[in-house]
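Computed from the coordinates by the stated procedures, all read-outs in this text should not be read as laboratory data. Owing to the predicted nature of the structure, the values given are computational and were not obtained by experimental measurement. Don't worry about glycine lacking a Cβ; one is built from the backbone with ideal geometry, like all the others, and counts go over all protein chains shown.
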Amino acid sequence: MPDATGLELIAQELRDRDEDGVLDTVFFRERAAVLVSPASVPATLEALRAKGYGFLASVHGVDYFPEEPRLGVHYELIDMTKVDRIAVRTRVPVNEPTVPSVTAEWPTANHQEREVFDMFGVIFEGHPDLRRILMPEDYEGHPQRRDFPIGGEPILFTHNEGDVPGWWE
Amino acid sequence: MTDVDTTRSPRIPYREMEESHELSHVAHPEHDELLTLNIGPHHPATHGVLRLLSTLEGEVIRDIKPIIGYLHTGIEKTAEDKSYWKVIPVIERMDYLAYYFNAMAFCGAVETLLDLEVPPRAQYLRVIHLELNRIMSHMVWLGTSALDLGAMSMFWYCFRDREQILDLFEMSSGQRMHTRYFQVGGVFEDIPSGFMAKLKEFTDVMPTRVDQFSDLLNKNEIFLQRLRNVATVDEETLLGLGVTGPLLRATGNPWDLRKAAPYSSYDHFEFKIPVGTVGDNYDRYRCRLAEIVESVRIIEQAAEGLPEGAYITENRKYALPPRHELATSMEALIHHFKLVTEGFRVPPGEVYYPIESPRGELACFIRADGSSKPARVHMRDPSFVNLQALKPMVQDLYIADLIATLAMLDPVLGGIDR
């Protein structure tokens, strides 16, 4: 992991490239993360790739409800030669949840961006095949959001089949 | 979002839903007829509930799309509604062949959030169980894969040896699968008397068993024909696709988190990382087989050097007090009550905790909001990411090679769909 100083140096380098890109840095439990604006995610990942962080380990979503902007997308990068990790995080509001897709540059993001779209409703602009991946295609809503109820799905038994509208169609 | 009526079905006809699987881009210039063949989700060779929409030209695969989600149980969502210690049993059921690894990733992430020290004995006990689990997972992989390739007796041999490991799990935790043995701060119980003797019996016999498996398979002409130089994918492509674990190591890249970023005292043990050369199916097979022997070495060293001391943290805020204290100590009773009712609270923060599972980098991401329940639990499951490598592996191969390649990819659908 880069230490707290190393993280600030990386953040400063990123700021030199794009002044408004880096919003914040987080150093928590020896783990470094930079918070960037959604539009500058691809540029940030490319800049970090040039610094050696060439492996995108994970893309996952978070819902920060009730904080705003609510939805977060995290990118975990690894530098395999120096054995180092850094996270890139971005936050988008629910009413405009768009993040540029990085699938073209990082093929591994394909399925993972689809999962974030499926679970949180974050729209990845430029994704070649943005469909639901885990939930059924005709499913409505994004179940990993914090305001999506647990148990919201009616379970069909013989005693309640009259109360579940339209299940037979 | 809040006004979405979850009870209403949008009434999309089935055919229309399928139209999203656009296949026009694979149209071949010389042949105007391509066959779309649906494999699975219920097919023994898909190793679970995996559906493959394949486009064939004759018997050659031109395009393949994995369709997943049939086993999605919303465990990540369920975890948000449970206190931290109650999440462990559900999270173990994700990748059902690597339950100790799921628990380790989750407990490790929570311990990092809490900044909690795990006693050395617990770390060694964890290593013993993790490596036993790795062997067990590879045994299931080897047995079912060999079965796919026609070597039926392998299936019985592998499951016979897997039983020995499950017996050991039963001794230490009472359960054969989904043991809930790892706790936040350590392990649930110390190992019982007789465990070490039985473990020694196992570690003595296992390397000879691996030799037997090698003798059976390594010179088997059918086996070699179906694996050698089949589905070769280079390192660059795999790295781009985020592939880790034995699949990546088969190409010669020795990336293993046990060495690269040791956790749970893996740096105390001496072991090698088996790597392949070209990255074909045969290398994948040999890498995993060699890993079993290395895992046995780790177990032997951990059993040899098992330190004395506590098996779970002494910090009563996070670990249950011993049963006998409840009768005499009021404080222990209060701690016990707090832990089993509300659970412990975790300070706000976000942690991504990666470990090396039998299939690659298994990581648990937890966002804590200060309450006794996690605000977000995400498992970066290696099977889910590795499955993307199926298309570059099998494109322009025969459909029979698809079965062999899928077996060597070793996906676990419980981990993919979560």
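Only helical DSSP H runs with n ≥ 4 go in: add -39500 (n - 2.57) per run for chain B, normalise by residue count and round the 222 nm mean residue ellipticity to 500 deg cm²/dmol. Working shown, then result.
Details: 17 runs with 191 residues, N = 418.
My calculation for chain B gives -14000 deg cm²/dmol from helical runs alone.
Need one number: the % of Cα-Cα pairs in region B:213-360 sitting beyond the 25 Å mark.
53 percent
Return the subset of A:K51/A:K82; A:K82/B:K259; B:K317/B:K338; B:K82/B:K338; B:K198/B:K259; B:K86/B:K338 for which the Cα-Cα distance in this structure is over 20 Å, preserving the input order.
Violating the 20 Å limit, Cα to Cα: B:K198/B:K259.
How many Cβ atoms of partner chains, on average, are near each residue of B:347-354 if near means within 10 Å of its Cβ?
Working: counts 2, 1, 4, 10, 4, 9, 2, 5.
That average works out to 5.
Obtain the nm distance between the two label points defined at A:A39 and A:D129 by a simple spin-label model: each point lies 7 Å from its Cα along the Cα-to-C-beta direction.
3.1 nm
Quick check on chain A: helices-only [θ] at 222 nm, where DSSP H runs of length 4 and up contribute -39,500 (n - 2.57) each and the sum goes over total residues. Nearest 500, please.
-6500 deg cm²/dmol
Averaged over its residues, how many other protein chain Cβ atoms are within 10 Å of peptide B:260-270's Cβ atoms? Write down the numbers at each step before the final one.
On the way: counts 4, 5, 0, 0, 0, 0, 0, 0, 0, 0, 0.
For this peptide, the per-residue mean of nearby foreign Cβ atoms is 1.
According to the square roots a ≥ b ≥ c of the eigenvalues of the Cα gyration tensor, what is the shape class of the protein assembly as shown, taking rounded for a/c under 1.5, prolate for a/b larger than b/c otherwise, and oblate for the remainder?
Here the protein assembly as shown falls in the rounded category.
If you place +1 on the Cβ of every Lys and Arg, -1 on the Cβ of every Asp and Glu, and leave all else neutral, what size is the dipole of region A:27-169 about its Cα centre, to the nearest 20 Debye?
Rounded to the nearest 20 debye, it is 900 debye.
Pick out which of A:V122, A:V99, A:V26 has the largest mean-square fluctuation in a Gaussian network model of chain A, springs linking Cα atoms closer than 10 Å.
A:V26
Could you let me know the centre-to-centre spacing of region B:171-203 and region A:51-84, using Cα atoms, in angstrom?
35 Å
Would you mind ranking B:R359, B:R93 by Cβ crowding within 10 Å, fewest neighbours first?
Ordered from fewest to most neighbouring Cβ atoms within 10 Å, B:R359, B:R93 come out as B:R93, B:R359.
All other residues with a Cβ under 13 Å from the Cβ of A:H111 taken together, and with Lys, Arg as +1 and Asp, Glu as -1, what is their net charge?
Net local charge, A:H111 excluded: +1.
If you build a Gaussian network model of chain B, linking Cα atoms that sit under 10 Å apart, which residue out of B:S214, B:S193, B:S383 swings the most?
Its mean-square fluctuation being the largest, the pick is B:S193.
Could you tell me whether chain B comes out rounded, prolate or oblate from its Cα gyration tensor? Rule is a ≥ b ≥ c as square roots of the eigenvalues, rounded for a/c under 1.5, then prolate if a/b exceeds b/c, otherwise oblate.
Verdict is oblate for chain B.
Under a point-charge model restricted to the Cβ atoms of Lys and Arg (+1) and Asp and Glu (-1), what is the dipole moment magnitude of chain B relative to its Cα centre, in debye to the nearest 20?
Around 980 debye, computed over chain B.
Could you give me the ³J(HN,Hα) list for region B:96-101, computed from phi with Karplus coefficients 6.51, -1.76, 1.60 and θ = phi - 60°, whole Hz, x at Gly and Pro?
3J(HN,Hα) across region B:96-101, in whole Hz: 6, 9, 10, 5, 5, 6.
Placing +1 on the Cβ of each Lys and Arg and -1 on the Cβ of each Asp and Glu in the protein assembly as shown, which of A:S37, B:Q301, B:S193 has its Cα farthest towards the positive end of the resulting dipole?
Of the options given, the answer is B:S193.
Put one equal scatterer on each alpha carbon of region A:4-160, apply the Debye formula with no solvent term, and list log10 I(q)/I(0) at q = 0.18 1/Å to two decimals.
Values, matching the q order: -1.09.
Which ³J(HN,Hα) values in Hz, rounded to whole numbers, follow from the phi angles of region B:145-151 under the Karplus curve 6.51 cos²θ - 1.76 cosθ + 1.60, where θ = phi - 60° and Gly and Pro get x?
5, 5, 4, 4, 8, x, 8
For the protein assembly as shown, give the magnitude of the charge dipole about the Cα centre (Cβ charges: +1 Lys/Arg, -1 Asp/Glu; no others), in debye to the nearest 20.
1460 debye
Whose amide H sits under 5 Å from the amide H of B:L56, counting only residues 5 or more places off or on another chain, with H placed in the peptide plane?
Excluding prolines and chain starts, which carry no amide H, the hits are B:L35, B:T36, B:L37, B:R62.
For a quick check: with amide H placed at 1.01 Å from N, whose amide H comes under 5 Å from B:G252's, ignoring anything fewer than 5 positions away on the same chain?
Residues meeting the criterion, in which the H sits 1.01 Å from N, are B:G276.
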